[in-house]
Amino acid sequence: MRMTIHNGRAGKNGAYNPRHNDRNFDISRAEHIDPERMPGNVYWNWTGKKDVSFEDCEKTFYEEHCRAHLDAVNQRHREQRHPERVRDMDAYRTARQTCPEETLLMIGNKNEYLPPRTLRAICEKLKDWEENTVSGLHVLDMALHVDEEGAPHIHMRRAWIYRDENGIESIAQSKTLQAAGIPLPHPDKPQGRHNNRKQSFSAMERQALYEICRGYGIESLLEMQPREKSRSGRELEDYKASEAEKRAQAAEMRAKMAEEKTRQAEASLQKIKNAKTYAQRRTQQAQERAQEQEGRNSTLRAAESEIRGKMEREQTTARQLAEMNEKARQELQETRKELERLAPYLTKAEQRELQEQQEQQKQTRQEEPEWDWDDGFGLE
């Protein structure tokens, strides 16, 4: 049986999502998952709580261990006037460099494999070896899958926590391995892509896994050496088993991609819901403002109507006064004519008195304002 152990953090669609591992997504879209076999799956997370999803337990872990580091980094970005570099914890937890690392462990293929209980026990011992070997390595969650095509396999997600001289913790794989005393494969050469401590740890991890399997008496069944790339010389059965293993891994990747698309669709749907809520709130505010404006307009119309009524009444009164004034003027003219007719019959004293009255009336008429009754109130 071939022993497969693969480590990775992200694919072309970003960081691996833990929802696939604890089946916290719509499995109706996953053709490679058999719902009838799902009850045989086994899940574990670092909190020990069964009702907590893998994603939530990882969020809690990052908050407890990485919050101080992230706040300090964000503060430096703000002080250096780079607010665009500020990240929240979800962005830190899902970034390629700082997201959890996922290990896929499988022994055998769909035709020949270990009992799931044995595979689980082996993985638990591997977890203990890892955490004892590197104190900063923390296994966050594990899932044993028996509901997929191919051999039973285990997903194990872990975080590499480095604590600096100030006691601040952050995700730093290389520094964590160095602090644990893991050497470079070639200590006499510079550290780089092809000479790093993770390579040394992976080799140690594979050997430790082999020793654990030895304890279960299955070491003789394991194929430890990497297979040649060419399939020439293989037996047909081996080739079919290898192809089945590849299909299982491809199905696993498709499931992760489908899950990621689902997550993106859910995020897009949430944005649409937020936009709809915002539009509804703005519409309601606009309606309230329109109602308030209508109330003000109604008040203005009532005031305008009242002013128009008052001006019309005053205009009517002014016309009546003008008519009365005109009538009095006509009567005065008639009286004046009558007096002029009777003047020859008056004494000189009466004529002087009459003349004085006429002068006073003339002066009074000059002091009276002239009214333009049609244009005095500006009404249209």
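General remarks:
- Members of the stretch 1-15 found to be under 13 Å from P100 (Cα atoms) and not in a strand (DSSP E or B), listed by number: R9
- Pick from the stretch 160-178, criterion hydrophobic (A, V, I, L, M, F, W, C) and over 13 Å from T98 (Cβ atoms), ranking: farthest from the chain's Cα centre (by Cα): L177
- Residue match in the stretch 245-256 (condition: closer than 13 Å to R2 by Cα, surrounded by 15 or more Cβ atoms within 10 Å (Cβ to Cβ) and either touching a strand residue (DSSP E or B) at 6+ places or on another chain (Cβ under 9 Å) or at pLDDT 65 or above (or both)): yes
- The single condition among (1) closer than 16 Å to I161 by Cα; (2) out of contact with any Phe, Trp or Tyr (no Cβ under 6 Å at 6 or more places or on another chain) that N111 does not meet is (1).
- Any chance E148 is among the acidic types (D, E), closer than 23 Å to C57 by Cβ and at pLDDT 95 or above: no
- Lone unmet requirement of (1) touching a strand residue (DSSP E or B) at 6+ places or on another chain (Cβ under 7 Å); (2) surrounded by fewer than 18 Cβ atoms within 10 Å (Cβ to Cβ); (3) not aliphatic (A, V, I, L, M) for H153: (2)
- Residue count, the stretch 121-143 (criterion: surrounded by fewer than 23 Cβ atoms within 10 Å (Cβ to Cβ) and closer than 20 Å to D34 by Cα): 1
- One residue stands out in the stretch 19-62 among those that are touching a Cys at 6+ places or on another chain (Cβ under 8 Å) and among the polar types (S, T, N, Q): the one that is surrounded by the fewest Cβ atoms within 10 Å (Cβ to Cβ), namely T47.
The values are calculated or read from the model by the stated rules, or taken from the named source; none is laboratory data. If you're wondering where the values come from, they're calculated on a predicted model, not measured in any experiment. Please note: Cβ atoms are built from the backbone with ideal geometry, for glycine as well, and neighbour counts cover all protein chains shown.
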